[in-house]
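Q: Please see the structure below; I have some questions.
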Amino acid sequence: MKPSKETRVMKDAEKTPCFQLWGEDKFSHETYFCNVYMHRSSANRAKRRHEAKAKERGAGELMDSYWIKPMTLAEHLRWLREEKSQKEKTWKEIDRHKAYINRVMPEFISFLKESHHHPGACSFTLPENGESYNITSLTVEFIQQYLNQTEYELKVKMQFNNNWKAAKLTTRSLSLKDGTLEEIQKMNITKHQHLPYLKDFFHETITKYFLGD
């Protein structure tokens, strides 16, 4: 039986060299893919261009560094497929967690209305529905300011576990109000200016967590 065209192409790709150009952000310690080239000379020229631009930015010791990674074209294509698969998985998890937050928002708003009268930290009990999520807690914090003990702050905090490999941010807070104890206790939380954006804050935090921002 004659091999298919795809089989012949992949067989040729196993023998075809290519050169990935990678960089590292020394400030964040993140590596990133720049491009792929079919000839080492082209990769070297691109590497010199990137290095020249990095020097122009004048970052000193924190200047981005670059290197060339030789491989076969077949290895590069497999890497591209893996990257695409991981991105699809990541966005699927982002959408799943956003949908979960949308479902618990009415209960959380009710919890916020009650807990903002009482100084301290109150943890919202996340409802279980048979699925596992990376969100570990939603907390309402009504605490004294560190430098001015007559002033208080009301904020909402979202926390995650460390189970997602790309995650850097695992805790993020949204400040709802600064003021005296009485001012915060008497505020009408349902008319608060930040309340309509609370869901957006949760959604944005979920995205940052899964994308590793």
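The values are calculated or read from the model by the stated rules, or taken from the named source; none is laboratory data. In this text the structure is predicted, and so the values were computed from the model without any measurement. In this analysis, Cβ positions are derived from the backbone assuming ideal geometry, glycine residues included, and neighbour counts consider all displayed protein chains. Remember, those area values only see protein heavy atoms, side chains included, never the ligands or the DNA or RNA. Shrake-Rupley method; radii C 1.70, N 1.55, O 1.52, S 1.80 Å.
Q: Looking at region 93-105, can you tell me whether even one residue there is within 26 Å of Ser28 (Cβ to Cβ), polar (S, T, N, Q) and touching a residue at least 40 places away in the same chain (Cβ under 8 Å)?
A: No, there is no match, as no residue in region 93-105 is within 26 Å of Ser28 (Cβ to Cβ), polar (S, T, N, Q) and touching a residue at least 40 places away in the same chain (Cβ under 8 Å).
Q: Here's a check for you: in region 132-153, which residue that is in a strand (DSSP E or B) and open to solvent by 50 Å² or more (accessible area, probe 1.4 Å) is modelled with the lowest pLDDT? Steps first, please.
A: To start, the set of residues in region 132-153 that are in a strand (DSSP E or B) comprises 135-144, 152-153.
Adding the requirement that they be open to solvent by 50 Å² or more (accessible area, probe 1.4 Å) leaves 136, 143-144.
Numbers: Thr136: 93, Ile143: 82, Gln144: 78.
Here the residue is Gln144.
Q: Continuing with this model, one more query. Could you identify the single residue in Asn162, Asn129 that is in contact with a Ser or Thr (Cβ under 7 Å, 6 or more places away or on another chain), in a loop (DSSP other than H, G, I, E, B), surrounded by fewer than 12 Cβ atoms within 10 Å (Cβ to Cβ) and not aliphatic (A, V, I, L, M)?
A: Asn162
Q: In contact (Cβ under 8 Å) with a residue 12 or more places away in the chain and surrounded by 11 or more Cβ atoms within 10 Å (Cβ to Cβ), is that true of Leu80? Explain how you work it out, then say what you get.
A: Working: in contact (Cβ under 8 Å) with a residue 12 or more places away in the chain: no; surrounded by 11 or more Cβ atoms within 10 Å (Cβ to Cβ): yes.
Judged against the criteria, Leu80 is not a match.
Q: Would you be able to say whether some residue in region 43-63 is assigned to a strand (DSSP E or B) and at pLDDT 95 or above? Walk me through how you get there before you give the answer.
A: If we filter region 43-63 for residues that are assigned to a strand (DSSP E or B), which is where we start, we get none.
Among the residues of region 43-63, not one is assigned to a strand (DSSP E or B) and at pLDDT 95 or above, which makes the answer no.
Q: Pairs only if they're at least six apart or on different chains, beta carbon under 7 angstrom, first in region 154-168 and farther than 18 Å from His29 by Cβ and modelled with pLDDT under 90, second open to solvent by 30 Å² or more (accessible area, probe 1.4 Å) and polar (S, T, N, Q); list them, first residue then second.
A: Lys155/Ser173; Lys155/Ser175
Q: Does Lys69 count as part of a loop (DSSP other than H, G, I, E, B), over 30 Å from Pro196 (Cβ atoms) and either modelled with pLDDT of 95 or more or open to solvent by 50 Å² or more (accessible area, probe 1.4 Å) (or both)?
A: For Lys69, the condition - part of a loop (DSSP other than H, G, I, E, B), over 30 Å from Pro196 (Cβ atoms) and either modelled with pLDDT of 95 or more or open to solvent by 50 Å² or more (accessible area, probe 1.4 Å) (or both) - is not met.
Q: Only one of these conditions is not met by His76: (1) assigned to a loop (DSSP other than H, G, I, E, B); (2) modelled with pLDDT of 90 or more. Which number is it?
A: Result: His76 fails condition (1) only.
Table: residues versus (1) within 27 Å of Thr90 (Cα to Cα); (2) among the hydrophobic types (A, V, I, L, M, F, W, C).
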position: Phe108; (1), (2): yes, yes
position: Glu114; (1), (2): no, no
position: His118; (1), (2): no, no
position: Pro127; (1), (2): yes, no
position: Leu138; (1), (2): yes, yes
position: Glu141; (1), (2): no, no
position: Tyr152; (1), (2): no, no
position: Ile206; (1), (2): yes, yes
position: Gly212; (1), (2): yes, no
